[in-house]
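For reference, the structure is listed below as C-alpha coordinates.
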Amino acid sequence: MSDIINVTVSGVRLDKYLQENFPDFSRSQIKKSIDLGQVTVNGEKVKAGYELKVGDRIEYVLEDTKTITAKPQEIDIDIVYEDDDIIVINKAQGMVVHPAVGNREGTLVNALLYKTNSLSNVNGDIRPGIVHRIDKDTSGLLVVAKNDKAHKNLSEQISSKTCKRYYFALLQGVLKDSQGEIITNIGRDPKNRLKMSVLPADKGKIAHTLYKVIKYYKGYSFCEFELKTGRTHQIRVHSAYLRHAIVGDSLYNNNPCKFKLNGQLLHAYKLVLVHPTTNKEMVFEAPIPTYFQKVLDSLEEI
(Lines give C-alpha, C1' and ligand atoms only; values in the text may rest on other atoms or scores of the structure.)
Protein backbone atom coordinates (compact mmCIF):
# COMPACT_ATOMS: atom_id res chain seq x y z
CA MET A 1 0.00 0.00 0.00
CA SER A 2 1.53 3.30 -1.05
CA ASP A 3 0.34 6.88 -1.21
CA ILE A 4 1.11 10.47 -0.23
CA ILE A 5 -0.20 12.42 2.79
CA ASN A 6 -0.05 16.19 3.13
CA VAL A 7 0.23 16.82 6.87
CA THR A 8 -2.20 19.27 8.49
CA VAL A 9 -1.02 19.03 12.11
CA SER A 10 2.20 19.85 13.99
CA GLY A 11 4.07 18.27 16.89
CA VAL A 12 3.02 14.65 16.33
CA ARG A 13 5.60 11.87 15.99
CA LEU A 14 5.73 10.33 12.53
CA ASP A 15 5.22 6.75 13.76
CA LYS A 16 2.31 7.75 15.98
CA TYR A 17 0.70 9.75 13.17
CA LEU A 18 0.92 6.81 10.77
CA GLN A 19 -0.49 4.37 13.29
CA GLU A 20 -3.44 6.67 13.97
CA ASN A 21 -4.13 6.76 10.25
CA PHE A 22 -3.45 3.06 9.65
CA PRO A 23 -4.56 1.14 12.77
CA ASP A 24 -4.37 -2.20 10.93
CA PHE A 25 -0.57 -1.90 11.08
CA SER A 26 1.31 -2.33 14.36
CA ARG A 27 3.73 0.28 15.70
CA SER A 28 6.63 -2.13 15.05
CA GLN A 29 5.56 -2.68 11.43
CA ILE A 30 5.41 1.06 10.86
CA LYS A 31 8.80 1.63 12.53
CA LYS A 32 10.35 -1.09 10.38
CA SER A 33 9.02 0.60 7.22
CA ILE A 34 10.43 3.95 8.41
CA ASP A 35 13.83 2.39 9.24
CA LEU A 36 13.97 0.76 5.79
CA GLY A 37 13.36 4.11 4.12
CA GLN A 38 9.92 3.09 2.87
CA VAL A 39 8.53 6.21 4.54
CA THR A 40 9.97 9.61 3.71
CA VAL A 41 9.10 13.16 4.73
CA ASN A 42 9.61 15.86 2.10
CA GLY A 43 11.65 13.36 0.12
CA GLU A 44 14.07 12.65 2.97
CA LYS A 45 14.56 9.56 5.12
CA VAL A 46 13.76 10.41 8.77
CA LYS A 47 13.50 8.64 12.11
CA ALA A 48 10.31 7.27 13.65
CA GLY A 49 10.35 10.04 16.25
CA TYR A 50 10.47 12.86 13.71
CA GLU A 51 8.01 15.58 14.75
CA LEU A 52 5.71 16.51 11.90
CA LYS A 53 4.90 20.06 10.87
CA VAL A 54 1.97 21.47 8.91
CA GLY A 55 2.79 21.20 5.22
CA ASP A 56 5.08 18.17 5.51
CA ARG A 57 4.65 15.68 2.68
CA ILE A 58 4.76 12.02 3.71
CA GLU A 59 5.38 9.41 1.03
CA TYR A 60 4.97 5.86 2.26
CA VAL A 61 4.92 2.20 1.32
CA LEU A 62 3.38 0.02 4.04
CA GLU A 63 3.46 -3.71 3.54
CA ASP A 64 1.89 -6.36 5.71
CA THR A 65 4.56 -8.78 6.89
CA LYS A 66 2.22 -11.74 7.41
CA THR A 67 0.27 -13.57 4.73
CA ILE A 68 -3.48 -13.28 5.22
CA THR A 69 -5.37 -16.56 4.94
CA ALA A 70 -8.99 -17.51 5.53
CA LYS A 71 -9.57 -20.67 7.55
CA PRO A 72 -12.80 -22.29 8.77
CA GLN A 73 -13.96 -21.32 12.25
CA GLU A 74 -17.01 -22.45 14.17
CA ILE A 75 -18.83 -19.15 14.68
CA ASP A 76 -22.56 -18.64 15.06
CA ILE A 77 -24.14 -16.63 12.25
CA ASP A 78 -27.78 -15.88 11.47
CA ILE A 79 -28.62 -17.55 8.15
CA VAL A 80 -31.91 -16.11 6.89
CA TYR A 81 -32.06 -18.19 3.69
CA GLU A 82 -29.94 -20.76 1.86
CA ASP A 83 -30.19 -22.86 -1.31
CA ASP A 84 -27.74 -24.22 -3.89
CA ASP A 85 -26.89 -20.75 -5.21
CA ILE A 86 -27.10 -18.17 -2.43
CA ILE A 87 -26.94 -17.64 1.31
CA VAL A 88 -28.57 -14.59 2.89
CA ILE A 89 -27.00 -13.58 6.20
CA ASN A 90 -28.21 -11.23 8.93
CA LYS A 91 -24.77 -10.04 10.06
CA ALA A 92 -24.34 -9.02 13.68
CA GLN A 93 -22.85 -5.68 14.65
CA GLY A 94 -19.14 -6.07 15.40
CA MET A 95 -18.43 -8.81 12.85
CA VAL A 96 -15.97 -8.09 10.02
CA VAL A 97 -17.02 -9.54 6.65
CA HIS A 98 -13.68 -10.98 5.48
CA PRO A 99 -10.10 -11.37 6.79
CA ALA A 100 -7.73 -8.43 6.42
CA VAL A 101 -4.78 -6.88 8.20
CA GLY A 102 -5.83 -6.50 11.83
CA ASN A 103 -8.84 -8.84 11.45
CA ARG A 104 -7.45 -12.22 10.43
CA GLU A 105 -9.98 -14.35 12.30
CA GLY A 106 -13.54 -14.26 13.56
CA THR A 107 -14.95 -12.90 10.31
CA LEU A 108 -18.06 -13.86 8.36
CA VAL A 109 -15.88 -15.62 5.79
CA ASN A 110 -14.29 -17.76 8.51
CA ALA A 111 -17.78 -18.76 9.66
CA LEU A 112 -18.97 -19.50 6.11
CA LEU A 113 -15.97 -21.71 5.36
CA TYR A 114 -16.86 -23.82 8.40
CA LYS A 115 -20.51 -24.16 7.36
CA THR A 116 -20.14 -24.91 3.65
CA ASN A 117 -17.64 -26.16 1.08
CA SER A 118 -19.49 -24.34 -1.68
CA LEU A 119 -18.59 -20.67 -2.11
CA SER A 120 -17.81 -18.69 -5.24
CA ASN A 121 -14.18 -17.92 -6.00
CA VAL A 122 -14.67 -14.79 -8.09
CA ASN A 123 -13.06 -12.63 -5.39
CA GLY A 124 -10.30 -15.09 -4.51
CA ASP A 125 -9.43 -17.10 -1.41
CA ILE A 126 -9.76 -14.25 1.11
CA ARG A 127 -13.28 -13.18 0.05
CA PRO A 128 -14.96 -16.39 -1.15
CA GLY A 129 -18.66 -15.84 -1.83
CA ILE A 130 -18.60 -12.17 -0.89
CA VAL A 131 -20.63 -10.16 -3.41
CA HIS A 132 -21.00 -6.98 -1.33
CA ARG A 133 -20.03 -5.88 2.17
CA ILE A 134 -21.36 -3.94 5.11
CA ASP A 135 -19.21 -2.25 7.74
CA LYS A 136 -18.05 -4.05 10.87
CA ASP A 137 -20.28 -2.01 13.17
CA THR A 138 -23.27 -2.01 10.82
CA SER A 139 -25.72 -4.88 11.21
CA GLY A 140 -28.05 -6.51 8.73
CA LEU A 141 -28.55 -8.36 5.48
CA LEU A 142 -26.08 -9.32 2.80
CA VAL A 143 -26.14 -12.03 0.15
CA VAL A 144 -23.35 -14.56 -0.37
CA ALA A 145 -22.82 -16.49 -3.63
CA LYS A 146 -22.21 -20.25 -3.48
CA ASN A 147 -20.92 -20.52 -7.04
CA ASP A 148 -19.32 -18.28 -9.65
CA LYS A 149 -22.39 -18.16 -11.88
CA ALA A 150 -24.54 -16.83 -9.04
CA HIS A 151 -21.79 -14.41 -8.01
CA LYS A 152 -21.54 -12.84 -11.47
CA ASN A 153 -25.32 -12.60 -11.75
CA LEU A 154 -25.67 -10.89 -8.37
CA SER A 155 -22.80 -8.50 -9.12
CA GLU A 156 -24.56 -7.49 -12.34
CA GLN A 157 -27.78 -6.91 -10.38
CA ILE A 158 -25.97 -4.58 -8.00
CA SER A 159 -24.40 -2.71 -10.91
CA SER A 160 -27.74 -2.41 -12.75
CA LYS A 161 -29.59 -1.56 -9.50
CA THR A 162 -32.04 -4.47 -9.74
CA CYS A 163 -30.65 -5.64 -6.42
CA LYS A 164 -32.00 -3.15 -3.88
CA ARG A 165 -30.61 -2.48 -0.40
CA TYR A 166 -32.49 -0.61 2.32
CA TYR A 167 -31.23 0.56 5.72
CA PHE A 168 -32.63 2.01 8.91
CA ALA A 169 -30.58 4.62 10.76
CA LEU A 170 -31.03 6.98 13.67
CA LEU A 171 -29.64 10.41 12.82
CA GLN A 172 -28.53 13.19 15.13
CA GLY A 173 -30.95 16.12 15.04
CA VAL A 174 -34.21 16.80 13.23
CA LEU A 175 -33.98 16.79 9.43
CA LYS A 176 -35.63 19.76 7.76
CA ASP A 177 -36.70 17.76 4.70
CA SER A 178 -38.71 14.59 5.32
CA GLN A 179 -37.23 12.95 2.22
CA GLY A 180 -34.53 13.61 -0.30
CA GLU A 181 -31.81 12.47 -2.65
CA ILE A 182 -28.06 12.84 -2.20
CA ILE A 183 -25.71 12.62 -5.18
CA THR A 184 -22.04 13.42 -4.58
CA ASN A 185 -18.60 12.02 -5.25
CA ILE A 186 -17.06 10.04 -2.40
CA GLY A 187 -13.42 9.10 -1.89
CA ARG A 188 -10.72 8.75 0.75
CA ASP A 189 -10.50 11.77 3.03
CA PRO A 190 -7.18 13.52 2.25
CA LYS A 191 -6.72 14.54 5.90
CA ASN A 192 -7.71 11.28 7.60
CA ARG A 193 -7.10 8.04 5.74
CA LEU A 194 -9.52 6.17 8.03
CA LYS A 195 -12.42 8.20 6.69
CA MET A 196 -14.21 8.69 3.41
CA SER A 197 -15.52 12.12 2.47
CA VAL A 198 -17.50 14.06 -0.11
CA LEU A 199 -15.04 15.23 -2.78
CA PRO A 200 -15.11 17.59 -5.78
CA ALA A 201 -16.73 16.30 -8.96
CA ASP A 202 -13.38 15.45 -10.56
CA LYS A 203 -12.33 13.17 -7.69
CA GLY A 204 -13.63 10.01 -6.04
CA LYS A 205 -16.60 8.03 -7.35
CA ILE A 206 -20.24 8.96 -7.75
CA ALA A 207 -22.42 8.05 -4.76
CA HIS A 208 -26.22 8.11 -4.88
CA THR A 209 -28.48 7.72 -1.83
CA LEU A 210 -32.22 8.17 -1.27
CA TYR A 211 -33.62 8.87 2.19
CA LYS A 212 -36.90 9.49 3.96
CA VAL A 213 -37.79 10.17 7.57
CA ILE A 214 -39.86 7.41 9.17
CA LYS A 215 -40.36 9.14 12.51
CA TYR A 216 -39.21 12.31 14.21
CA TYR A 217 -38.03 12.24 17.81
CA LYS A 218 -36.93 15.06 20.07
CA GLY A 219 -33.39 15.68 18.87
CA TYR A 220 -33.30 12.75 16.44
CA SER A 221 -34.62 11.47 13.10
CA PHE A 222 -35.32 7.81 12.38
CA CYS A 223 -34.74 7.32 8.66
CA GLU A 224 -34.83 4.80 5.86
CA PHE A 225 -32.04 4.88 3.28
CA GLU A 226 -31.89 3.21 -0.12
CA LEU A 227 -28.51 2.69 -1.72
CA LYS A 228 -28.35 3.38 -5.44
CA THR A 229 -24.57 2.88 -5.39
CA GLY A 230 -22.39 1.05 -2.88
CA ARG A 231 -19.42 3.19 -1.89
CA THR A 232 -17.45 2.59 1.29
CA HIS A 233 -19.24 4.21 4.29
CA GLN A 234 -21.74 5.74 1.85
CA ILE A 235 -24.72 6.23 4.18
CA ARG A 236 -22.46 7.31 7.03
CA VAL A 237 -20.73 9.91 4.85
CA HIS A 238 -23.96 11.18 3.30
CA SER A 239 -25.62 11.50 6.71
CA ALA A 240 -22.70 13.58 7.94
CA TYR A 241 -22.90 15.59 4.70
CA LEU A 242 -26.50 16.47 5.65
CA ARG A 243 -25.07 17.63 9.01
CA HIS A 244 -27.07 14.88 10.71
CA ALA A 245 -24.53 12.11 11.36
CA ILE A 246 -25.62 8.66 12.51
CA VAL A 247 -25.92 8.17 16.26
CA GLY A 248 -23.04 6.09 17.63
CA ASP A 249 -20.78 6.68 14.64
CA SER A 250 -17.49 7.59 16.30
CA LEU A 251 -15.81 8.26 12.95
CA TYR A 252 -18.29 10.74 11.44
CA ASN A 253 -20.36 12.02 14.38
CA ASN A 254 -18.61 14.62 16.54
CA ASN A 255 -21.51 14.95 18.98
CA PRO A 256 -21.21 13.16 22.34
CA CYS A 257 -23.35 10.00 22.41
CA LYS A 258 -25.52 9.61 25.50
CA PHE A 259 -26.28 5.96 24.77
CA LYS A 260 -24.02 3.00 25.54
CA LEU A 261 -23.33 1.73 22.04
CA ASN A 262 -20.69 -0.38 20.33
CA GLY A 263 -21.08 1.29 16.96
CA GLN A 264 -23.42 3.26 14.73
CA LEU A 265 -27.18 2.73 14.73
CA LEU A 266 -27.30 1.60 11.11
CA HIS A 267 -29.05 -1.61 10.07
CA ALA A 268 -29.47 -3.18 6.61
CA TYR A 269 -33.06 -4.23 7.14
CA LYS A 270 -34.26 -5.16 3.63
CA LEU A 271 -32.68 -6.82 0.60
CA VAL A 272 -34.45 -7.29 -2.74
CA LEU A 273 -32.89 -9.45 -5.45
CA VAL A 274 -33.72 -11.66 -8.41
CA HIS A 275 -32.70 -15.26 -7.83
CA PRO A 276 -29.81 -16.08 -10.19
CA THR A 277 -31.35 -19.41 -11.28
CA THR A 278 -35.14 -19.13 -10.92
CA ASN A 279 -35.26 -15.45 -11.99
CA LYS A 280 -37.90 -14.85 -9.31
CA GLU A 281 -37.79 -11.72 -7.18
CA MET A 282 -36.97 -12.42 -3.54
CA VAL A 283 -37.45 -10.03 -0.62
CA PHE A 284 -35.69 -10.51 2.71
CA GLU A 285 -36.13 -8.47 5.88
CA ALA A 286 -34.27 -8.49 9.19
CA PRO A 287 -35.76 -6.95 12.36
CA ILE A 288 -34.03 -4.03 14.07
CA PRO A 289 -31.53 -5.36 16.63
CA THR A 290 -32.53 -5.18 20.30
CA TYR A 291 -29.90 -2.55 21.23
CA PHE A 292 -31.17 -0.31 18.40
CA GLN A 293 -34.82 -0.75 19.36
CA LYS A 294 -34.07 0.05 23.02
CA VAL A 295 -32.67 3.42 21.98
CA LEU A 296 -35.75 4.17 19.86
CA ASP A 297 -38.05 3.18 22.72
CA SER A 298 -36.25 5.60 25.04
CA LEU A 299 -36.82 8.61 22.78
CA GLU A 300 -39.67 11.12 22.85
CA GLU A 301 -41.70 11.34 19.64
CA ILE A 302 -42.57 14.74 18.16
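The values are calculated or read from the model by the stated rules, or taken from the named source; none is laboratory data. Please read all numbers here as calculations on a predicted model, not as lab measurements. Using ideal geometry, Cβ is built from the backbone for each residue, glycine included, and neighbour counts are taken over all protein chains shown.
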Q. Among the residues of region 157-175, how many are modelled with pLDDT under 95 and out of contact with any His (no Cβ under 7 Å at 6 or more places or on another chain)?
A. 4
Q) What residue, of 176, 115, is surrounded by fewer than 20 Cβ atoms within 10 Å (Cβ to Cβ) and in contact (Cβ under 8 Å) with a residue 24 or more places away in the chain? A) 115
Q | Among the candidates 20, 44, residue that is among the acidic types (Asp, Glu), within 21 Å of the chain's Cα centre (by Cα) and not assigned by TED's automatic domain parsing to the domain that holds residue 188 | A | 20
Q: State the number of residues belonging to region 281-302 that are in a helix (DSSP H, G or I) and either free of Cβ contacts under 8 Å to residues at least 40 places away in the same chain or of a type outside the set (A, V, I, L, M) (or both).
A: 7
(Q) Quick check on residue 204: is it touching a residue at least 40 places away in the same chain (Cβ under 8 Å) and of a type in the set (Gly, Ala, Ser)? (A) no
Q. Across region 214-241, what is the total count of residues that are under 16 Å from residue 270 (Cα atoms) and either assigned to a strand (DSSP E or B) or not polar (S, T, N, Q) (or both)?
A. 10
(Q) Looking at the structure I just gave you, is residue 183 under 30 Å from residue 6 (Cβ atoms), touching a residue at least 12 places away in the same chain (Cβ under 8 Å), surrounded by 14 or more Cβ atoms within 10 Å (Cβ to Cβ) and among the β-branched types (Val, Ile, Thr)? (A) no
Q. Which of the residues belonging to region 213-242 are buried (at least 20 other Cβ atoms within 10 Å of the Cβ) and at pLDDT below 95?
A. 231
Q | Hits in region 190-212 - residues which are surrounded by fewer than 17 Cβ atoms within 10 Å (Cβ to Cβ), charged (D, E, K, R) and modelled with pLDDT under 90 | A | 191, 193, 202, 203
Q: Would you mention how many residues in region 27-60 are surrounded by fewer than 14 Cβ atoms within 10 Å (Cβ to Cβ) and over 18 Å from residue 8 (Cα atoms)?
A: 8
Q. Which one of the conditions (1) under 25 Å from residue 104 (Cα atoms); (2) not in a loop (DSSP other than H, G, I, E, B) does residue 5 fail to meet, given that it meets all the rest?
A. (1)
